[in-house]
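Structure first, commentary second.
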Amino acid sequence: MGREADIETRPTIPRWIDQPLFTDVAELLDGADAYPSLDELNRRLSHAPGANELRFAAQTTELQADGLHYEERIARHGVISTREGNPHDLFNALVWLRHAPMKRAMNARQVADIARVGRKQRTRGQCALTHFDEAGAIVWIASRELLAAWDAHDWKRLFGAHRGDWGKRIAITVIGHALYEYALMHGTMPVAKALAVEVDASAIALRCENASTISVWPEAEQFLAAEIVAGRVLADPQELRPLPLAGIPCWHAGAQPDDFFETSPCFRPLRAGRRYPSPTVLEPRLDRKAEATGA
């Protein structure tokens, strides 16, 4: 009786899950009709790569009485404070299940900076980490032509003229849990804050799913996690490029008018004087490993 009652009180999952953005989290939810309980999330977390000694715990007054910052609690005790039935925290939990090494790397940097400057100040690195944690995506890119279009905010060229390159020479891995929440609450695709990573086209083709998405790339993400911990990646918010998710082929619901990329508010022009840094280059051995294993 208790189990049935618990299921009935948990929020139900609407059919927004059918949109392409939600493909990865839909797979993790495995057809469930209600938000998973913390017990279920912890059961899955116990099997997630890189998530050893971590657990989700209900965000209660008693939990917060330890006086620790959210990030400090994770680093010291492996406890991820989670509001039950809250979509923002559910998506955060699901990203932990899929990308624990990346999340742990961001946590390690946050805690190191808290120790250095205190809780009342924020470094440029902390701002970059927060932007990426909340709204981040990794864009794997194997074309200087595509990168040039992106850097120029030439959205019609990036998403229109090069539509056929998505899944072949460019792909995305969604990291930011707030991207899911925004799409859920507003019914439109948000703008991601993306980390550009230069890779070989053959590696993208081997791993790409649903024409544009790489759900998880463990070896590459371990490499990026090490770069984050070392402070070579996500040291400044200016590293992150905006990527309007509505432009990705098949991600925008409904018809696209001829002036879609010129008039839709998410496709903003490049700000005068804005320059982006070179992409992070994935170690060649990781590309070769993908080719050799077909993974």
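The values are calculated or read from the model by the stated rules, or taken from the named source; none is laboratory data. Here the structure is a predicted model, which is why all the values come from computation and not from measurement. Heads up, the Cβs are rebuilt from the backbone with ideal geometry, glycines too, and the neighbour counts pull from every protein chain shown.
Descriptive notes on the structure:
- In region 159-173 there is no residue that is more than 16 Å from the chain's Cα centre (by Cα) and of a type in the set (S, T, N, Q).
- Any hit, region 77-84, residues being among the β-branched types (V, I, T), touching a residue at least 12 places away in the same chain (Cβ under 8 Å) and part of a helix (DSSP H, G or I): no
- Qualifying residue in region 82-97 (condition: in contact with a strand residue (DSSP E or B) (Cβ under 7 Å, 6 or more places away or on another chain), small (G, A, S) and under 18 Å from H177 (Cβ atoms)): yes
- Qualifying residue in region 119-126 (condition: assigned to a loop (DSSP other than H, G, I, E, B), at pLDDT 95 or above and either within 23 Å of G67 (Cβ to Cβ) or of a type outside the set (S, T, Y) (or both)): yes
- Count of region 54-80 residues which are exposed (fewer than 11 other Cβ atoms within 10 Å of the Cβ) and under 22 Å from the mean Cα position of the chain (by Cα): 0
- Every condition in (1) closer than 25 Å to P269 by Cβ; (2) more than 13 Å from the chain's Cα centre (by Cα) is met by L245 except one, and the failing one is (2).
- Filtered residues of region 124-159 (kept if surrounded by fewer than 20 Cβ atoms within 10 Å (Cβ to Cβ), of a type in the set (D, E) and in contact (Cβ under 8 Å) with a residue 12 or more places away in the chain): E134, E145, D151
- Members of region 185-232 that are closer than 17 Å to G247 by Cβ and of a type in the set (D, E, K, R): K193
- Residues in region 251-265 that are surrounded by fewer than 18 Cβ atoms within 10 Å (Cβ to Cβ) and not in a helix (DSSP H, G or I): A253, G254, A255, Q256, P257, D258, D259, P265.
- Figure legend. Inter-residue proximity from region 112-123: first residues free of Cβ contacts under 8 Å to residues at least 12 places away in the same chain, second residues assigned to a helix (DSSP H, G or I) and among the charged types (D, E, K, R), beta-carbon distance below 7 Å, spacing 6+ or different chains. Indicated pairs: T123/D113.
- Some residue of region 180-190 being in contact (Cβ under 8 Å) with a residue 60 or more places away in the chain and under 13 Å from D24 (Cα atoms): yes
- Selection over region 191-207 of residues that are in contact (Cβ under 8 Å) with a residue 40 or more places away in the chain and farther than 24 Å from L234 by Cβ gives a count of 3.
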